[in-house]
Structures are given as structure tokens and as C-alpha cells.
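Working notes, structure below.
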Amino acid sequence: MSSPGQTGEIVHGAEQKTEGDGDLPQASPPACGGCPRVEEEFSPAAKQPRLAEGDVTSKSDDMTTVEQADDGCDLSQPIQDTGSGEDVVEDKQSNGPSDSHHEGHSPELNFNQTPHMLTGAWAEYTSFAENYLKGCKWAPDGSCILSNSADNVLRLYNLPPEFYSNDWDLLTEMSPVLRMPEGDTIYDYCWFPKMSSLDPDTCFIASSSRDNPVHLWDAFYGDLRATFRPYNHLDELTAAHSLCFSPDGSQLYCGFEKMVRVFYTDRPGRDCEERPTLVKKQGQTGIISCLAFSPRDPVYVCGSYSRSAGLYSCQDGSLLAVLPTCHQGGITHLLFSHDGLRLYTGGRKDPEILCWDLRDLGQVLFSLRRNVTTNQRIYFDLDPSGQYLLSGDTGGIVSVWDTFVTACEGSQHTLQPHLQFQAHNDCTNGISVHPYMPLLASSSGQRQFSSPEDSGNDSESEGSARASPGPSCTDNSLVLWWAGPQRSRGDDAGELDPQTSESQPNLQ
């Protein structure tokens, strides 16, 4: 059994009728599945309602390639009043592991010390050449974690049972319990927000890949549960570039070029609501690359490869405001603060994460700097309290910022990291905070290119290329970190044997 090596080092202080598709099928709990029933003290407070019964649909064929638009948009206007948002707040309060059932039962995150590496997965990503990861996401109930990789397979890992019994000395390398293969490059994937391992009907994942419809995967069996088939104006199948469920899980929002299509979760098929993001040359251009919902108001935000972010009404999709274009590259990730008053945006090949004040649109409260020199989507995440924001970078470093600290004057509104540690030897593209335990998950890897000599660059350009920060070696892995208080057995408790194996590189 391989061990994950040494810990990281601190670097710095409307009902619709479908055509040929039914509702989602009910599923009985298997003897053992991708999302096992967890112990009661680690489970959501209540079961979620079952979905309607129907047939599983099949994959569709080809689609036309969508070209990316690069033109920007500088429209900025005050946000309109969209109502009290009480329905959205009520939904959020009853949503999964963030319920009071878990509050007070798990230790808090402690970022005054470097997180300890506990276990991970390395061998799973060595059978395929350059099988680098593309992010990881904890399930809403915290029972398992989902990863995406270059071989176009979604892998689901159970949270090791040793975490429930505190037998951390027995932790071994993780192996996936489910593999869900897509036919081509995976654009985006997301969990059903009401997911609970106590109710198998709620355990499913949505994913979108090139030349394929949107798929709904069963997180217990790994089977294809249903499909959503978006068509363009030529009646040709087109792939969604981004996915996001509404907070109550009743709708699935899909991002396309200058368009958001809304499907009803219990109505698989091709029927959907179309919401253009560009109307009479006003709004957002480009491909909608990411989506997020406000936890406070009935509002959602769309990020675009045209470097813009727009806020829209959940009721009818009307445009409320477009934030000023401040990013250097297309926006690849969006995140609301837990109180819904702030919005964090990050772009590709962009060294800054910007924090926007939604009470004063157009105002950037502060920026968070990280090293991003790749087009790859670099995720960031907030801890359950909303205080700490975490992000990886191209050099494998994970940075932790205390967002409750006001940026100092004279620092150009740049918030300095509260903690940094070396998590991987390669690009750390995914970071996900467990919903109620002090656990972090990180994923790493990137496409490797030939040396500068092969590009015909002169010696000066080669030297500058070598001098630029970057990974020291290939590291395709998924790693779990303990970020809670130290255990009573000592500082090294909870870590594995420091010996390394062929499938897992040493961290330096």
C-alpha cells in the first residue's frame, strides 16, 4: 500500500411536455454503491423527496462546434430590486449538510498551521498518458468526492470509513468506487444540491461533454439516469459549456454561446426555456463559461469567456447588470459569499481573483493574487463559515485568504494570504472544502508541453521561460488534507507512513 508522503511546507505567512423522454426513475438502495449510507451523525437531517419515475434516455450524436467570442462588454448599471428572496433563503436553510444537524459536531478549520496530508489517489491516474485532473468537488452531504480527469472519466471516491472511526493509522490509498465515462472532453459537471446518501433518488450528477447532450449519472450505480438534449437554431445538438442546478434542484441551467437554457430536472428531453444573454446588442457576448446562484436573492450570475460577468433574475432571466470588464482572461469560475453580498470571480491566465461588492456594483472590494499561467480552469472555494477563501495555482501552491480582514491602504486593495503551503508538484487546479468536516480535497495536473528548445526559441527566451515559476515534475493526483486541530497523539497523528511508492511522487 502506498503512502501519501510528507505534508506540505509553509511558503508564506411552468410544466412542459417532453418528446420521447420520461421523468427520472426511482432507484432502490443497493447493497453497496457509489454513495453508501453514512452513519447518522454524519448524515443530513432529513431525507429529500423522491423524483418522479420514468425511462433513461440514450446519448445523441453530433453537434456543431461553437466558436468562442472574444469581444468584451463594459455595460454597468445599478442592480434592480428583484424581491426579498425569502424563498431562496428558505431553500438554502434546508439544503443538505449545511443544516444545524452538523453544527457543533465537527471541529473547526484551523489555518494557523499547515494542513496535514492524510491520503489520496495516485495510481488511478497513471494508466493513461497525461491523465491530469481537472478539479474535484465534495458531495453536498460530504459522503464522497467527485473528480474529473483528462481521460474523460468522472470518478467517485467514498470518504474513507477510517474518518468515522478515527482509525487514521489504517488509511490507505483511495480507489474509486464508480467510474462514469463520457464520450469526449468534459466541459463541466455538478452535484444535485439536495443530494443525500440516505435517499438514493437524490444521488446524481450532471455532466456535459463535447458533441454530447447533458447527462445525469446515478451516483449509486454509475448508470446513465437521463439526458437533456439542447438544440441550436439549426436544430443541431449542441453541448453545454457550463452547468448549475437551481438552489432547490428543480431546474438545471446550462451555458452556451450568448445563451442560457433552463431544463426542468424531472423533465428530461429537449424541451427547455431559452434565455439569451445578448438582446438588442446589450448584455453579455461570448460563451457562458460558468454559473452561480445567490444564496440571498433570486439572482444568478453568468461568467463569460468575453471577460464579463452578468447578473440575471431567476424569475424570467432578465438582465439586471453587467459588471465592468476587469479580468485579463475569460472568466472560468464564480462564487458567491455565504451572505450573498459578495461575488468572487477568477479568469484564465489571470493572476487575480476579484471580490465584488454587490451592494455597490462595479466596486471591487479587494483582489487576491495567485500564479495562473494556464488556460485551465483553476477552482477556488470558501470554507463553511465564509471567512477563508482557498485557491491553488500553477506552481502547486494552495493559498488561504482571510476575507474578513480589510485590505491595508497602500497595497492597491490586494489582500495578502493568511497561509500558503505546497500541496502538489504540479498545477493545483482543484480545491474543495468539506461541507462540515475540517477536510480539504485538492487535485493537480496539467497538459505537458515540449521543452522551449523544441519551439525554436532563442537562448534569451529559453532562459526567461526556465526562470518563470512552474511545476518541478508531473503530479496527477487527488489528495485529502486535514485542516482541523491537531490530534492528541501528537503533531504527526493522522498522517500515513512517510515512505513513498512508485505511483506517488515525493512532495518537496
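The values are calculated or read from the model by the stated rules, or taken from the named source; none is laboratory data. For clarity, every value in this text was computed on a predicted model and none was experimentally measured. Heads up, the Cβs are rebuilt from the backbone with ideal geometry, glycines too, and the neighbour counts pull from every protein chain shown. Each accessible area value is taken on the protein alone, full model and side chains, heavy atoms only, with ligands, DNA and RNA left out. Shrake-Rupley method; radii C 1.70, N 1.55, O 1.52, S 1.80 Å.
For the stretch 143-252, what % of the accessible area comes from carbon and sulfur atoms, probe 1.4 Å?
On the way: 1390 of 2970 Å².
In the stretch 143-252, the share of accessible area belonging to carbon and sulfur is 47 percent.
Between residue 320 and 311, 312, 313, the built amide H atoms are under 5 Å apart, and every one of these is 5 or more places off in sequence or on another chain. For the set 137, 349, solvent exposure ranked by accessible area (probe 1.4 Å, protein chains only) runs largest to smallest as 349, 137. What's the FRET efficiency of residue 179 with residue 271 using the Cβ-Cβ distance as r and R₀ = 25 Å, to the nearest 0.05? Approximately 0.25, to the nearest 0.05.
Given a Förster radius of 35 Å and the C-beta distance between residue 165 and residue 369 as r, what FRET efficiency does 1/(1 + (r/R0)^6) yield to the nearest 0.05? Once the sixth-power term is evaluated, E becomes 0.30. Accessible surface calculations at 1.4 Å, restricted to protein heavy atoms, place the stretch 149-234 at 29 Å² per residue. Inter-part distance, the stretch 295-343 to the stretch 357-379, computed on C-alpha centroids, equals 12 Å. Rolling a 1.4 Å probe over the protein heavy atoms of the stretch 272-376, with every protein chain left in place, gives an accessible area that is 44 percent carbon and sulfur.
On full extension of the chain, what length is gained from residue 318 through residue 486, given 0.36 nm per residue of separation minus the C-alpha to C-alpha distance? Please report the intermediate quantities before stating the final value.
Working: separation 168, 0.36 × 168 = 60.48 nm, distance 4.94 nm.
Computed gain between residue 318 and residue 486 is 55.5 nm.
Dipole orientation for the stretch 248-383: of the candidates 345, 328, 358, 328 has the Cα lying most toward the positive pole (charges on Cβ; Lys, Arg +1; Asp, Glu -1).
Karplus-based coupling profile of the stretch 391-396, in residue order and whole Hz: 8, x, 8, 5, x, x, with θ = phi - 60° in 6.51 cos²θ - 1.76 cosθ + 1.60 and x standing for Gly or Pro.
So what is the relative contact order for the stretch 191-263, in percent, with contacts set as C-alpha pairs under 8 Å and at least six apart?
Working: 139 pairs, mean separation 17.2, N = 73.
RCO, the stretch 191-263: 23 percent.
In this structure, the amide hydrogen of residue 329, modeled 1.01 Å from its nitrogen in the peptide plane, lies closer than 5 angstrom to those of 348, counting only residues at least 5 positions away or on a different chain.
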